[in-house]
Amino acid sequence: MPNISSATISILSMLFVALQPLGPARAGDESVTRSVNFGNLSATNAISYDAILRRNNAYEKKDFVEALHWFQKAADQGDAMGFNQMAFLYLAGQGVPRDYRQALILYRKGAEKGLSLSENAIGYIYQRGNGVPQDYTEAMRWYQKAADHGHAPAQTSIGYLYLYGQGVPINQAEAMDRFLIAAKNGDLYAELAIGEMYRNGQGVTKDCSTSDEWIEKARKHADSAVIQRLSSRPPCN
């Protein structure tokens with residue numbers, strides 16, 4: 001595997017995405033495309049690595065048809081990440097008509113190879129009911145698979161299910177535990193969730209100082225859209 005600069009890894013990380021609901025005000029209405037760590041590069045073969053670099057160029061040009069071509073090549077070799085990235089193109093309708101069922105088929109192929117990104121995405125599809133009947137129990141099952149494989153955003157997703165009682169009884173303590181596990185592994189949305197729980201006194205004593213600490217921690221590695229939303233909120237009091 002060739003050496004890869006930190007800048008390249010940063011760019012690639014932006015491409016490997018999962019989707020995460022944002023809380024009660026936006027539940028059912030909005031989702032966010034979120035970056036996740038690229039992970040172990042040795043988990044992909046040389047063809048997939050080449051496809052990743054070429055897809056990076058295709059994304060810069062917004063040439064999603066070209067991106068699909070290179071991830072199809074990876075998938076043809078049985079590469080889990082190739083299946084995962086093809087699935088995302090179908091999920092987002094980039095380079096192909098949006099097709100939730102085809103996305104699910106491809107995500108399952110990635111999940112069969114133990115790819116936590118695909119497992120997490122399947123959980124998202126069932127949680128949102130995209131192309132399938134909405135099923136929080138099935139969403140929890142897939143999120144837990146991803147979490148068991150060390151995928152921090154899946155822990156955050158499970159935390160939200162407990163926080164809002166989706167498929168499980170509301171359990172704010174369990175939600176906080178899940179958010180803390182994810183935050184320990186650097187998950188931005190877990191840090192924001194913890195900050196919100198302290199801000200609103202959900203399962204913990206309301207503590208604006210602790211809330212501000214967690215929000216500030218998240219702000220340090222948030223993108224501009226998240227920072228703008230945080231800046232527009234009234235202060236905790």
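Just a few scattered comments:
- Residue match in region 20-40 (condition: surrounded by 14 or more Cβ atoms within 10 Å (Cβ to Cβ), touching a Leu at 6+ places or on another chain (Cβ under 7 Å), of a type in the set (Phe, Trp, Tyr) and at pLDDT 65 or above): no
- Sole residue being under 29 Å from GLY114 (Cα atoms), at pLDDT below 95 and among the aliphatic types (A, V, I, L, M), chosen from ALA190, ALA222, ALA183: ALA222
For (1) within 17 Å of ALA152 (Cβ to Cβ); (2) touching a His at 6+ places or on another chain (Cβ under 6 Å); (3) open to solvent by 20 Å² or more (accessible area, probe 1.4 Å); (4) modelled with pLDDT of 95 or more, each residue gets a yes or a no:
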site	(1), (2), (3), (4)
TYR90	no, no, yes, no
GLY93	no, no, yes, no
ASP99	no, no, yes, yes
LEU106	no, no, no, yes
LYS109	no, no, yes, yes
LEU117	yes, no, no, no
TYR126	no, no, yes, yes
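- Cβ-Cβ contacts under 8 Å between residues 6 or more apart (or on different chains), taken from a first residue in region 208-237 that is open to solvent by 80 Å² or more (accessible area, probe 1.4 Å) to a second residue that is among the charged types (D, E, K, R), are listed as LYS217/GLU191.
- Residue count for region 161-207 under the criterion of being crowded, with 23+ Cβ neighbours inside 10 Å and more than 27 Å from THR137 (Cα to Cα): the result is 1.
- Complete set of residues in region 157-173 that are of a type in the set (A, V, I, L, M) and closer than 17 Å to ALA121 by Cα: ILE158, LEU161
- Out of ALA74, ALA121, sole residue that is within 20 Å of the chain's Cα centre (by Cα) and open to solvent by less than 20 Å² (accessible area, probe 1.4 Å): ALA121
The values are calculated or read from the model by the stated rules, or taken from the named source; none is laboratory data. Just so it is clear, the structure is predicted and the values come from calculations on it, not from any experiment. Counting neighbours? That spans all protein chains shown, and the Cβs are built from the backbone with ideal geometry, glycine included. We work out accessible area using only protein heavy atoms, side chains counted, and drop any ligands, DNA or RNA first. Shrake-Rupley method; radii C 1.70, N 1.55, O 1.52, S 1.80 Å.
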